[in-house]
1. Could you compute the FRET efficiency for A:Lys223 and B:Glu238, with r as their C-beta to C-beta distance and R0 at 25 Å, rounded to 0.05?
2. I need the phi-derived Karplus couplings for region A:57-64: 6.51 cos²θ - 1.76 cosθ + 1.60, θ = phi - 60°, integer Hz, Gly and Pro marked x.
3. Between B:Lys67 and B:Glu14, how many nm apart are label points set 7 Å from Cα along the C-beta direction?
4. For region A:14-83, run through the trypsin sites (Lys or Arg not before Pro) and keep only the ones in DSSP coil with at most 15 other Cβ atoms within 10 Å of their Cβ.
5. For region A:193-325, compute Rh as the Kirkwood radius over C-alpha pairs and then the Stokes-Einstein diffusion coefficient at 10 °C and 1.306 mPa s; write the answer in µm²/s, rounded to an integer.
6. If you count, for every residue in A:94-102, the Cβ atoms of partner chains within 10 Å of its Cβ, what is the mean?
7. How would A:Leu176, A:Leu249, B:Leu134 line up from fewest to most surrounding beta-carbon atoms within 10 angstrom?
8. Which whole number gives the average count of other chain Cβ atoms within 10 Å of the Cβ atoms across peptide A:248-260?
Amino acid sequence: MTRKVLVLGETRDGSLRNVSFEAIAAAKTVADGGEVIGVLIGENVSALGTELVQYGADRVVVVEGEKLKQYTSDGYAQALLAVIEKESPEGLVLGHTSQGKDLSPRIAAKLSSGLISDTTAVEVAGGNVVFTRPIYSGKAFEKKIVTDGLIFATVRPNNIAPLAKDESRSGEVASLSVEIKDLRAIIKEVVRKASEGVDLSEAKVVISGGRGVKSAEGFEPLKELANVLGGAVGASRGACDADYCDYSLQIGQTGKVVTPDLYIACGISGAIQHLAGMSNSKVIVAINKDPEANIFKVADYGIVGDLFEVVPLLTEEFKKLKVHS
Amino acid sequence: MNIYVLLKRTFDTEEKITISGGKINEDGAEFIINPYDEYAVEEAIQVRDSNGGEVTVISVGTEEAEKQLRTALAMGADKAVLINTEDDVENGDQFTTSKIIAEYLKDKEADLIIGGNVAIDGGSGQVGPRVAELLNIPYVTTITKLEIDGTNVTVTRDVEGDSEVIETSLPLLVTAQQGLNEPRYPSLPGIMKAKKKPLDELELDDLDLEEDDVEAKTKTIEIYLPPKKEAGKVLSGELNDQVKELVHLLHTEAKVV
Ligand SMILES: Cc1cc2nc3c(=O)[nH]c(=O)nc-3n(C[C@H](O)[C@H](O)[C@H](O)COP(=O)(O)OP(=O)(O)OC[C@H]3O[C@@H](n4cnc5c(N)ncnc54)[C@H](O)[C@@H]3O)c2cc1C
C-alpha cells in the first residue's frame with residue numbers, strides 16, 4: 001500500500017539538520033512507493049526546500065511568517081496542522097530532537113493519533129510498517145506498529161541512514177499561507193551554551209571525559225582529539241558535578257542519549273546511568289587507568305592507561321591517518 | 001494554587017532487564033518513582049510552599065503504584081489519586097494514558113500541572129504535552145527553572161544543552177528536566193503523616209470512560225534484548241604500539257574513522 005507521508009525539515013542556524021534527511025529516508029520506507037512531502041516552517045526558509053528534494057522529498061510545502069522565526073509549540077503546531085489538513089497524509093515523520101519531542105505529542109493529541117517516539121529503524125513487514133525503538137534506556141528494544149490512523153513517528157538522530165544527495169532531483173517548493181494566532185508561550189531569550197562546534201546528539205564521533213579528567217583544563221586534550229576527528233565532546237555526570245564542564249555535555253540517563261559511530265570514554269568508570277546514554281553507540285573505546293572499570297565491559301576496544309598520556313598520542317596518530325587518507 | 005503532578009512507577013534504573021514470555025520480566029524487580037517525576041513532585045511542593053495551595057499526585061497504573069504515591073505523599077504532597085486500569089486496559093499506550101489523565105483533570109481547574117519530561121522505561125515523553133493539548137492549556141517541556149508571579153510564569157527550558165527563557169501564564173503544564181531541583185528524601189515524620197493522607201482510587205467507570213474510548217493506537221509486536229556484546233579487545237604492549245594498533249583497528253576493522 002503506498003502512502004503519502006509528510007516530513008518536517010528542522011533547521012538550526014539557517015541550515016537543515018542531518019536528522020531531517022534521515023527522517024526523509026524513514027518516510028520513504030513508510031510511503032512504500034508513495035509521495036514524500038517535506039515541510040518547512042520558519043522565517044525565510046524556502047531556499048532550503050531544494051535540499052529536502054535532493055535528499056529524497058518529492059515536493060516541499062513551506063509555511064513562513066514572522067511569528068515562526070523561532071520554534072514555539074503554539075506557532076509550529078498551527079503551521080504543521082494546517083499542512084496536515086491540506087495534504088491529508090497517511091504518515092508523518094519528525095526528528096526525535098528537542099523540537100520533535102516537544103511538538104510531536106501535541107500534534108498526535110490534536111489528531112487523536114498514535115505516535116511512536118524515538119525510533120531507530122523502520123521496515124515494512126507483512127503489510128505493516130514496523131518501527132524499532134530502544135526501551136529501558138537501551139537495555140531492551142521493542143518493535144511497534146500503528147494500529148489505527150496516521151502512521152506517526154519520530155526518528156532518533158544518527159540511526160537511519162539518509163539517502164545519498166542527488167543534485168539532479170527536482171520538485172516543487174510551494175508556500176502555504178497560515179495565519180498564526182495567539183502564541184501563549186513566548187521565548188524571551190536564548191542562552192547558547194552547547195552550540196559551539198559539532199552538535200552532540202548528531203555527532204558521528206563523541207569523545208567523552210569523566211571524573212578522571214580531573215579539571216576543566218583536563219578537557220583540552222579531549223577537545224583536540226574531537227577536533228581532529230570532527231567530533232563533539234561529551235561528559236559523564238561525574239565530570240559535570242565536579243564542575244569540569246557544563247551540564248549541557250552530560251551523557252546518560254539524565255543527560256543526552258547519543259549513538260555515534262565512535263564513542264571514546266576517557267576516565268569514565270561506566271556507571272549504569274552513564275551507559276544508558278551511550279551503550280547503543282556503534283563502536284565504543286574505553287581509556288581508563290583501572291583495568292577493572294565497568295566501562296571495559298561495554299567497550300569494543302580498551303586501553304588501560306593514563307588518559308593524559310593516551311589521548312595526545314591518539315590525536316597524533318589520527319592526524320597521521322588523516323594525512324594519509 | 002491547585003497543583004497536580006503526573007507520576008509513573010518505573011523499574012529501578014539499576015535493574016537488569018530480562019524477558020520472559022515476550023514481556024519484560026518484572027518478578028522481584030525494584031520499582032521507583034520515575035526519576036524525572038521525582039523532580040516534578042519536589043517542584044510542586046516548593047511552589048505550594050511559596051504560593052500556598054495543594055499538591056495532588058496522580059498515577060495511572062495498577063495497585064502497585066500506591067507505594068510510589070505514598071512516597072510522594074511522604075515527600076510532602078497533600079493528596080494522591082490512583083487511576084487503576086488493571087481490569088480495563090490491557091495494552092495501553094500514550095494515547096490511552098493521556099486521555100485518562102485529561103479526562104480526570106478536565107473539571108479540576110488545575111493552575112499548574114507538572115510531570116517528568118520522559119519516563120525511563122518506555123522513553124516516549126509524550127504524556128505531558130498530550131495532556132496539555134487535550135486540556136487546551138500551554139506547556140513547556142524539559143524545564144530547569146520555574147518562577148511564578150501571580151499568573152505570570154517565567155520558565156527556563158533546556159534545549160539540547162542551550163537554554164531558552166520563556167514567558168507564559170497559568171494555567172500551565174510543564175515537564176521537568178534534570179537540574180530543576182534536588183528532590184528531598186521523605187523524612188520519618190513525613191512517612192508517618194503520609195499514611196493518613198488521602199489516596200483515592202478510581203477506575204475508568206468513575207471517569208465515564210469506556211474501554212473503547214482509550215483503546216491504544218499503537219501496538220508492541222516484539223520485545224527483545226540487544227545482542228550480547230562480545231567481550232571487547234583490551235590492548236596490551238607498549239603504550240605507543242597500543243595507540244597505533246587502536247587507530248589501525250578503528251580504521252580497518254571497525255571502519256569508523
Ligand atoms: C538518578 C541518577 C542519574 C544519573 N544520571 C547520570 C547520567 O545521566 N550520566 C552519567 O554519566 N552519570 C549519571 N549518574 C551518575 C553515575 O551513577 C556515576 O556516578 C557517574 O557516571 C560517574 O562519573 P565518572 O565515571 O566520571 O566518575 P567515576 O565513577 O569517579 O570514575 C572515574 C574513572 O576515571 C578513571 N581515571 C581516573 N584518573 C584517570 C586517568 N588519569 N586516566 C584514565 N582514567 C582515569 C578511574 O579509574 C575511574 O574509573 C546518575 C546517578 C543517579 C543516581
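Only the coordinates and a few stated rules stand behind these numbers; no lab work does. The structure displayed is predicted, hence computed values, not measured ones. Reconstructed Cβ throughout: ideal geometry from the backbone, glycine too, with neighbour counts over all protein chains shown.
1. 0.40
2. Once rounded to whole Hz, the list reads 5, 7, 7, 9, 10, 10, 10, 10.
3. Placing both labels 7 Å beyond Cα along the Cβ direction yields 1.4 nm.
4. A:Lys69
5. 112 µm²/s
6. 4
7. In increasing order of surrounding Cβ atoms, one gets A:Leu176, B:Leu134, A:Leu249.
8. 3
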